[in-house]
Amino acid sequence: MGNRATRRAVVAGAVLAGALVGAAVGIGSFTFIYAEGLSYMTDDPNACANCHIMQGHLDAWAKSSHQRVAVCNDCHAPDDFLGKYYTKGINGLHHSAAFVSGWFHEPIRITQRNVRVTEAACRRCHEDMVWMIDHPGAGSEPLSCIQCHRNVGHPN
């Protein structure tokens with residue numbers, strides 16, 4: 001009799017686990033399709049404005065000097081393939097949860113990890129100019145590009 005109860009418990013657990021996994025996959029797939037998730041795998045700046053909160057950033061970028069030489073990923077994703085898509089994945093999960101739940105600061109704020117990614121992009125593109133930033137005079141602290149040029153890619 002004990003074996004029969006154990007089998008029922010195992011079957012019930014398997015059915016419950018299957019239902020939970022199915023619900024998670026279904027909700028995740030719906031969200032990915034509804035949010036045009038594949039568009040985020042491209043370098044198209046318009047994908048960044050799929051969410052209304054980013055429209056102002058896209059409009060500001062379109063008026064900036066960077067519009068002619070850089071797209072969103074050039075500044076907001078690492079230069080290497082794995083780093084780029086890892087960052088896109090992390091940001092996508094974070095943004096999806098924030099926008100679905102409504103729990104985000106407005107105006108949107110950049111995370112410290114993404115500050116580091118953007119700083120690295122500034123330095124990569126402007127490496128001939130940043131030597132003086134990295135090697136300030138005696139008694140001075142090195143500066144951050146973003147410290148002085150916060151609105152360069154997205155002027156107000």
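Among what's in segment 106-129 and is in a loop (DSSP other than H, G, I, E, B) and under 15 Å from the mean Cα position of the chain (by Cα), pick the residue that is modelled with the lowest pLDDT. Even if it seems obvious, please write down each step before you answer.
Residues of segment 106-129 in a loop (DSSP other than H, G, I, E, B): 106-111, 126-129.
With under 15 Å from the mean Cα position of the chain (by Cα) added as a condition, the list becomes 108-111.
On the way: Ile108: 80, Arg109: 83, Ile110: 87, Thr111: 90.
Taking the candidates together, the pick is Ile108.
Counting just the residues of segment 49-76 that are part of a helix (DSSP H, G or I) and of a type in the set (A, V, I, L, M), which one comes out surrounded by the most Cβ atoms within 10 Å (Cβ to Cβ)?
Initially, segment 49-76 is screened for residues part of a helix (DSSP H, G or I), giving 52-63, 65-68, 72-76.
Next cut, of a type in the set (A, V, I, L, M) only: 53-54, 58, 60, 62.
Details: Ile53: 14, Met54: 20, Leu58: 17, Ala60: 15, Ala62: 11.
If we take residues in segment 49-76 being part of a helix (DSSP H, G or I) and of a type in the set (A, V, I, L, M), then Met54 is surrounded by the most Cβ atoms within 10 Å (Cβ to Cβ).
Out of curiosity, is Glu127 closer than 25 Å to Asn50 by Cβ and either outside the structural domain of Ser64 (by TED's automatic domain parsing) or among the acidic types (Asp, Glu) (or both)? Even if it seems obvious, please write down each step before you answer.
Numbers: closer than 25 Å to Asn50 by Cβ: no; either outside the structural domain of Ser64 (by TED's automatic domain parsing) or among the acidic types (Asp, Glu) (or both): yes.
Judged against the criteria, Glu127 is not a match.
Could you list all residues from segment 2-32 that are modelled with pLDDT under 85 and among the aliphatic types (A, V, I, L, M)?
Scanning segment 2-32 gives a single hit, Ala5.
Inspect all residues belonging to segment 67-85 and state whether any of them is at pLDDT 85 or above and within 26 Å of Ile27 (Cβ to Cβ). Talk me through it step by step, then tell me what you get.
Let us first name the residues in segment 67-85 that are at pLDDT 85 or above, namely 67-85.
Add one more test, that the residue is within 26 Å of Ile27 (Cβ to Cβ), and what stays is 85.
Yes, because at least one residue in segment 67-85 is at pLDDT 85 or above and within 26 Å of Ile27 (Cβ to Cβ).
Of all residues in segment 130-148, which are in a loop (DSSP other than H, G, I, E, B) and at pLDDT 80 or above? Walk me through how you get there before you give the answer.
So the first thing to find is which residues in segment 130-148 are in a loop (DSSP other than H, G, I, E, B), and the list is 130, 135-144.
Answer for segment 130-148, where residues must be in a loop (DSSP other than H, G, I, E, B) and at pLDDT 80 or above: just Val130.
Output the residues belonging to segment 7-51 that are free of Cβ contacts under 8 Å to residues at least 40 places away in the same chain, within 30 Å of Ala70 (Cα to Cα) and among the hydrophobic types (A, V, I, L, M, F, W, C). Give the steps one after another, and end with the answer.
Restricting attention to segment 7-51, the residues satisfying the condition of being free of Cβ contacts under 8 Å to residues at least 40 places away in the same chain are 7-30, 32-34, 36, 38-39, 42-50.
In the following step, the residues that additionally are within 30 Å of Ala70 (Cα to Cα) were identified as 32-34, 36, 38-39, 42-50.
Result: Phe32, Ile33, Leu38, Ala47, Cys48, Ala49.
The values are calculated or read from the model by the stated rules, or taken from the named source; none is laboratory data. Since the model is a prediction, treat every value here as computed from it, not as a measurement. Cβ atoms come from the backbone with ideal geometry, glycine included; neighbour counts cover every protein chain shown.
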